[in-house]
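The values are calculated or read from the model by the stated rules, or taken from the named source; none is laboratory data. Computed from a prediction, not measured in an experiment: that's the story for all the values here. Neighbour counts are summed over all protein chains in view; Cβ atoms, including those assigned to glycine, are modelled from backbone coordinates with ideal geometry. For accessibility, only protein heavy atoms count, side chains too; no ligands or nucleic acids. Shrake-Rupley method; radii C 1.70, N 1.55, O 1.52, S 1.80 Å.
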Amino acid sequence: MYTESKYKRYTITTALPYANGPVHIGHLAGVYVPADIYVRYLRAQGEEVLFIGGSDEHGVPITLKARNEGVTPQDIVDRYHQIIKESFKELGISFDIYSRTSSKGHHETASEFFKKLYNEGKFIEKNSMQYYDEEAGQFLADRYITGTCPHCGNERAYGDQCEACGTSLNATDLINPKSTLSGSQPVLRETKHWFLPLDQYETWLRDWILENHKEDWKANVYGQCKSWIEAGLQPRAVTRDLNWGVPVPLDEAAGKVLYVWFDAPIGYISFTKQLKGDDWEKWWKSPDSKLVHFIGKDNIVFHCIIFPCMLKAEGSYILPANVPANEFLNLEGDKISTSRNWAVWLHEYLKDFPEKQDVLRYVLCANAPETKDNDFTWKDFQTKNNSELVAILGNFVNRTLVLTHKYNGGKVPAATQMGELELQTLEEMKGFPERIGRSLENYRFREALAEMMNLARLGNKYLTEAEPWKTIQTRPEYALTSLHVSLQIVANLAVLCRPFLPFTADKLSRMLHLQTEKWSDAGAPLLAEGSVLEQPELLFDKIEDAAIEAQVNRLLETKRQNELNAWKPAPYKEKVNFEDFQKVDIRVGKVLECKKVPKADKLLEFLIDDGERKRTIVSGIAQSYPEPEKLVGRQVCFIANFEPRKLRGVLSEGMILSAADKDGKLVLVTPGREVTNGVNVG
């Protein structure tokens, strides 16, 4: 370690993803890729590490998904837990355990934790008024209530938030609230819950966070904690009225479960028990253990204030030493949204880009939203693969190995003519392990990745200057020496890229027959003279435009579907009396001719048989009917008593009726069956 550590072991946790859908790139960039990089680095340093993950399988989003699909909550979590777990494994997220909060062991641990705090008087009991659905016969969680947002007027706001304007709400703030279970208007009823009195921990939190972690916690984390504490903390409910979750272990609490924010972080502990058995306590109760939570910024308050207060109240647990939360990753300039399907889903990526796990890991680390929200675009994904992984890292490794096989039979040559350039290059190589390691220890993953790539750039620069393909003719011993130096850089890359690109590191180590993965060995020559190398394989290949175009088109189709789903009918116009309506003469006529109006993209010229004569009508529906000749013979409805007027030089004697669909396409209004031309409509 390049920062002196007082710890003997590391307990590393990642935020538990909700098992109501797959994992997307926002989750990966914010939490799981940086956590895995950090863990792999610690292991390479020889540290004792426990890497904990799992699915959060309780809470209202699970029950809502189950209700919408007509299945049980267990069906939902079983499905998505498996998808998430397998996706993580395929991406190389190296959890020691990936478990789930619906397990029996977790229920037992969460119940025991609650009961200890309850028995020691650490909770307060409060009665409050909560919405109740009399038809469904149950209290309503926030997401089971919809109504009109008092801030923006959105009629589909939830009881906890309006997704139209982003305002946090209480269910009682909604105008005209309705139950999503029955559609009826809920009533307020009294219910009892248990609360964690966060206000009693304010003084301790000020000292623990604001005084002790001002320098070592990230600015975004420290700033959000400071804002919460200085605004004044309030008691927070740890139970709720719901039928899915960990039952509250009290006789008087029938029909109540532990609030998901309370039971989910206890999962870190229950999963450790599941994996380590009787040896679990040293990971959570020994001062020799360092606890680090990797989370997104939406979980800062839970992991920096609420969960630490729970651990403090219990009394025997260590507290998090750091909580390196990231900001959000956007997609093509728009906020990632699971409800709008605006995301790149990990399990779909792994199918579309097989054997390109490291490409995604690289791009997400390079674009990690460490200090501010960042953006993922498919074009940038292609550029980083083609211009960096292929052209810099892959190119250097491939050139070195190919030349070694060509000039020295695939064996590491001797270094018999070391010059100033060689000595200077190897000296520069020595500094990379420390620089990369120090960045990782300070949770600066983008900086660490850039340093790793700088080592590949050093290799390319050296190989270009040494020119073994030229000197092999005039100075063969020097040419082989330059390949020796290049191979040592390749071997160092195999060790130093492992946290970021584990699949690439495996391939490199196999080709080199490399005998070490230890970080402490890097910086020095790692390959002995005469070592036999495998035949070179390309580490990366180019991603073609067609593959990127397919992904962009998928997103464009998603955006189109979202726009269709968000469509609402136009507001009704002012009321008119029946006598005014009777003045409008709507008739049926048959199309005799139809053609485009010259130099007018939107206009079609119709010749209509109106039952008495032929009349010409110009209509602006050309873009919805690109083959106007196919309209000949159809009957249409038209207004017959408008004053004629000229449109692009054509006298129009009426208006053909059409309806604009929600996708903007115009559709002609026609009678349901053939009728006599000239009959009235209405």
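Could you check region 16-55 and list, in sequence order, the residues that are more than 30 Å from Trp378 (Cα to Cα), open to solvent by 10 Å² or more (accessible area, probe 1.4 Å) and in contact with a strand residue (DSSP E or B) (Cβ under 9 Å, 6 or more places away or on another chain)? Selection gives Arg43, Glu47, Glu48, Val49.
When region 452-466 is filtered for residues that are under 30 Å from the mean Cα position of the chain (by Cα) and farther than 10 Å from Ile489 by Cβ, the ones remaining, listed by number, are Met452, Met453, Asn454. Inspect all residues belonging to region 28-44 and state whether any of them is in contact (Cβ under 8 Å) with a residue 60 or more places away in the chain, β-branched (Val, Ile, Thr) and not in a helix (DSSP H, G or I). So far as region 28-44 goes, no, none of its residues is in contact (Cβ under 8 Å) with a residue 60 or more places away in the chain, β-branched (Val, Ile, Thr) and not in a helix (DSSP H, G or I). If I filter region 599-616 down to residues being under 53 Å from the mean Cα position of the chain (by Cα) and open to solvent by less than 50 Å² (accessible area, probe 1.4 Å), which single residue comes out as farthest from Leu668 (Cα to Cα)? Result: Ala600. For region 483-522, the set of residues classified as open to solvent by 30 Å² or more (accessible area, probe 1.4 Å) and part of a helix (DSSP H, G or I) consists of Phe503, Asp506, Lys507, Arg510, Ser520, Asp521, listed by residue number.
Of the strands (runs of 3 or more DSSP E) lying entirely inside region 150-249, the ones with 1 or more residues being touching a Pro at 6+ places or on another chain (Cβ under 8 Å) and under 22 Å from Ala136 (Cα atoms) are found at 175-179.
Of the strands (runs of 3 or more DSSP E) entirely within region 285-342, those holding at least 1 residues that are under 30 Å from Arg560 (Cα atoms) and open to solvent by 10 Å² or more (accessible area, probe 1.4 Å) occupy 329-331.
Going residue by residue through region 49-56, is there one that turns out to be hydrophobic (A, V, I, L, M, F, W, C), within 18 Å of Cys497 (Cβ to Cβ) and out of contact with any Ser or Thr (no Cβ under 7 Å at 6 or more places or on another chain)? Scanning region 49-56 turns up no residue that is hydrophobic (A, V, I, L, M, F, W, C), within 18 Å of Cys497 (Cβ to Cβ) and out of contact with any Ser or Thr (no Cβ under 7 Å at 6 or more places or on another chain).
Of the residues making up region 618-649, those that are outside any loop (DSSP other than H, G, I, E, B), touching a residue at least 12 places away in the same chain (Cβ under 8 Å) and within 23 Å of Val584 (Cβ to Cβ) are Val618, Ser619, Gln635, Val636, Cys637, Phe638, Ile639, Leu647. Restricting attention to region 65-82, the residues being surrounded by fewer than 18 Cβ atoms within 10 Å (Cβ to Cβ) and assigned to a helix (DSSP H, G or I) number 8. Do we have Ala640 as of a type in the set (A, V, I, L, M) and either closer than 23 Å to Asp580 by Cα or open to solvent by 60 Å² or more (accessible area, probe 1.4 Å) (or both) here? Here the answer is yes, as Ala640 does meet what is asked.
Only a single criterion out of (1) without any contact (Cβ under 8 Å) to a residue 12 or more places away in the chain; (2) closer than 21 Å to Ser439 by Cβ is not satisfied by Asp506, namely (2).
Kindly establish whether Ser5 is open to solvent by less than 30 Å² (accessible area, probe 1.4 Å) and either part of a loop (DSSP other than H, G, I, E, B) or touching a residue at least 12 places away in the same chain (Cβ under 8 Å) (or both). The answer is no for Ser5. Cβ separations smaller than 6 Å between residues 6+ apart or across chains give no pair from region 162-182 residues that are at positive phi and without any contact (Cβ under 8 Å) to a residue 24 or more places away in the chain to residues that are open to solvent by 70 Å² or more (accessible area, probe 1.4 Å) and not basic (Lys, Arg). Of all the residues in region 161-201, those that are open to solvent by 50 Å² or more (accessible area, probe 1.4 Å), under 27 Å from the mean Cα position of the chain (by Cα) and either more than 11 Å from Ile145 (Cα to Cα) or charged (D, E, K, R) (or both) number 4.
Does Arg236 meet the test of being touching a residue at least 40 places away in the same chain (Cβ under 8 Å), open to solvent by 10 Å² or more (accessible area, probe 1.4 Å) and in contact with a Leu (Cβ under 6 Å, 6 or more places away or on another chain)? For Arg236, the condition - touching a residue at least 40 places away in the same chain (Cβ under 8 Å), open to solvent by 10 Å² or more (accessible area, probe 1.4 Å) and in contact with a Leu (Cβ under 6 Å, 6 or more places away or on another chain) - is met. The residue list Pro61, Pro17, Pro34 contains one member that is within 18 Å of the chain's Cα centre (by Cα) and within 19 Å of Pro320 (Cβ to Cβ), which is Pro34. Of all residues in region 566-596, exactly one satisfies the criterion of being small (Gly, Ala, Ser) and not in a loop (DSSP other than H, G, I, E, B), namely Gly589. Return the residue satisfying two criteria in turn: it lies in region 376-389 and is part of a helix (DSSP H, G or I) and in contact (Cβ under 8 Å) with a residue 40 or more places away in the chain, and of such residues it is most open to solvent (accessible area, probe 1.4 Å). Ranking the candidates gives Lys379 first.
Return the residue satisfying two criteria in turn: it lies in region 121-141 and is of a type in the set (A, V, I, L, M, F, W, C) and open to solvent by less than 30 Å² (accessible area, probe 1.4 Å), and of such residues it is nearest to Glu314 (Cα to Cα). The residue in question is Phe123. Would you check if Pro525 is modelled with pLDDT of 95 or more, assigned to a loop (DSSP other than H, G, I, E, B) and within 41 Å of the chain's Cα centre (by Cα)? Answer is yes for this residue.
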